[in-house]
1. Using a Gaussian network for the chain with springs between C-alpha atoms less than 10 Å apart, which of these wobbles most: Leu97, Leu135, Leu116?
2. Going Cα to Cα from Lys115, which lysines come in below 30 Å? Please leave out same-chain ones fewer than 8 positions away.
3. Roughly speaking, what is the stretch gain from Arg11 to Glu61, that is 0.36 nm per residue apart minus the C-alpha to C-alpha distance, in nm to one decimal?
4. Rank Ala101, Ala154, Ala127 by mean-square fluctuation in a GNM of the chain with C-alpha springs under 10 angstrom and give only the top-ranked residue.
5. Modelling each spin label as a point 7 Å along the Cα-to-Cβ direction, I'd like the Asn82/Asn134 distance in nm, to one decimal.
6. Net charge near Ala95, counting Lys/Arg +1 and Asp/Glu -1 over other residues with Cβ under 13 Å of its Cβ?
7. May I ask you to derive the FRET efficiency for Lys53 and Leu31 from their Cβ-Cβ distance with R0 = 22 Å, giving the value to the nearest 0.05?
8. Would you mind telling me which residue in Lys63, Lys41, Lys115 has the biggest mean-square fluctuation in a Gaussian network model of the chain, where springs connect alpha carbons within a distance under 10 angstrom?
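Every read-out reported here was derived from the displayed coordinates using simple, explicitly stated rules and does not represent laboratory data. Quantities reported herein were computed from a predicted structural model and do not represent experimental measurements. A quick note on method: Cβ atoms are made from the backbone with ideal geometry, for glycine too, and the neighbour counts reach across all protein chains shown.
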Amino acid sequence: MIVLGIDPGTRLVGFAVVEGDAGSRSAKRILSLTLDCRSSKLKTAEKLRFITKRISLKLAELKHSQYQINIISLEKTFHGCNPQTTLRLGEVRGAILLTLASYNVIDIQATTVKKLIAGKGNASKDAVRKAALNLIGEPNLEIGYDEADAIAIALAGLYKAGEQK
């Protein structure tokens, strides 16, 4: 089974594709990257268009490769203290959901990802990154938090896919 994990963000979007058995927490990493959307010159609509266009291009590349996405795992919006940040993140997530409308999408809470991957729902970013890299068999891979979170989200989606059977 091939799962795409997306860590939505207003500045950086994590994107990772893993392949493994449904219900498993370990998998092979096919692709992972961070989409950088930090240009201060982009207005909200332009930023959303930029994010969705980049995701659409990556999905098209995957569609024409040997890897066909079975499930997409998308992290649910974190409800932080700042209402403006929560609103902006909701806009990004909504735009991404619209882009993914033709796919089977699993919404997954950040605490669920942390618990499934690192063993604790309040695990630190470092703990999640370390656990995710161990689960893909690449403990020394040098990547940022957003990319690591996307891998963890994809792995959690792979595990959750086993529950849907």
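1. Leu97
2. Hits, sequence-local ones excluded: Lys28, Lys58, Lys76, Lys125, Lys130, Lys160, Lys165.
3. Net length gain for the segment: 15.7 nm.
4. Maximum fluctuation in the GNM of the chain, among the listed residues, is at Ala101.
5. 3.3 nm
6. Neighbour charge sum, excluding Ala95 itself: +4.
7. Efficiency at R0 = 22 Å is approximately 0.80.
8. Lys41
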